[in-house]
Amino acid sequence: MVSAIFKFILLLQMGGHVISLVVLSVLFSLYFYVEAFKWGMNAKKWAIAGLVFGPILLPMFSISRHIHWRNAVGFNNLYIAA
């Protein structure tokens with residue numbers, strides 16, 4: 001009886017981790033969707049990628065955003081942020 005209760009508690013704890021990973025993936029999916037939409041990128045693609053990969057995708061997204069910006073502005077233009 002005690003081992004069944006222990007297994008049930010362990011299952012609940014593991015389920016909590018799974019739920020937190022799902023919530024984290026959904027939050028990053030929304031973040032990537034909004035940011036991609038703001039920058040004029042394919043928002044649906046980034047939302048799906050954010051749902052699958054979560055926060056691991058952040059460096060790739062920032063590099064892709066920079067490349068997208070450079071293609072729109074050009075490579076020979078000087079831009080100094082004040």
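The values are calculated or read from the model by the stated rules, or taken from the named source; none is laboratory data. Not measured: the values here are computed from a predicted model. Ideal geometry is used to build each Cβ from the backbone, glycine not excepted, and the neighbour counts take in all protein chains shown.
Scanning the stretch 11-23 finds no residues that are at pLDDT 85 or above and among the hydrophobic types (A, V, I, L, M, F, W, C).
Restricting the stretch 24-38 to residues that are among the small types (Gly, Ala, Ser) and under 8 Å from the mean Cα position of the chain (by Cα) leaves a set whose member that is modelled with the highest pLDDT is 29. Contact map, the stretch 59-81: first residue surrounded by 10 or more Cβ atoms within 10 Å (Cβ to Cβ), second residue at pLDDT below 85, Cβ cut-off under 9 Å, separation 6 or more or different chains; pairs are 73/79. Scanning for something polar (S, T, N, Q), at pLDDT 90 or above and surrounded by fewer than 14 Cβ atoms within 10 Å (Cβ to Cβ), does the stretch 39-46 turn up at least one residue? Checking the stretch 39-46: at least one residue is polar (S, T, N, Q), at pLDDT 90 or above and surrounded by fewer than 14 Cβ atoms within 10 Å (Cβ to Cβ).
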